[in-house]
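See structure below.
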Amino acid sequence: LLCSPANVYTIWVTTNPQLQEKVRSLCGIYENDHYVFVSCPEVLLGAMANATVREITIRPQGDDDEDEE
């Protein structure tokens, strides 16, 4: 956060309100609001899987950035 607060994004797996408040406070010191809390790892993994499938689906077919010789 000290080096580049605008470019720091974090995901916290916790339902502990005290920890969430500590995170909010620390991020607030650096004027960073790029954080989110999820209740369990499965929520995070599901979101990552969904994003991966979306990226694979929208990527042009046959565009693997390798030159065919």
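Assorted remarks:
- Candidates 1, 19, filtered to the one that is aliphatic (A, V, I, L, M) and at pLDDT 95 or above: 19
- Flag if residue 9 is at pLDDT 90 or above, exposed (fewer than 11 other Cβ atoms within 10 Å of the Cβ) and of a type in the set (Phe, Trp, Tyr): yes
- Some residue of region 32-50 being over 15 Å from the mean Cα position of the chain (by Cα) and part of a loop (DSSP other than H, G, I, E, B): no
The values are calculated or read from the model by the stated rules, or taken from the named source; none is laboratory data. Keep in mind the model is a prediction, meaning the values are calculated, not measured. No Cβ is skipped: glycine too gets one built from the backbone with ideal geometry, and neighbour counts run over all protein chains shown.
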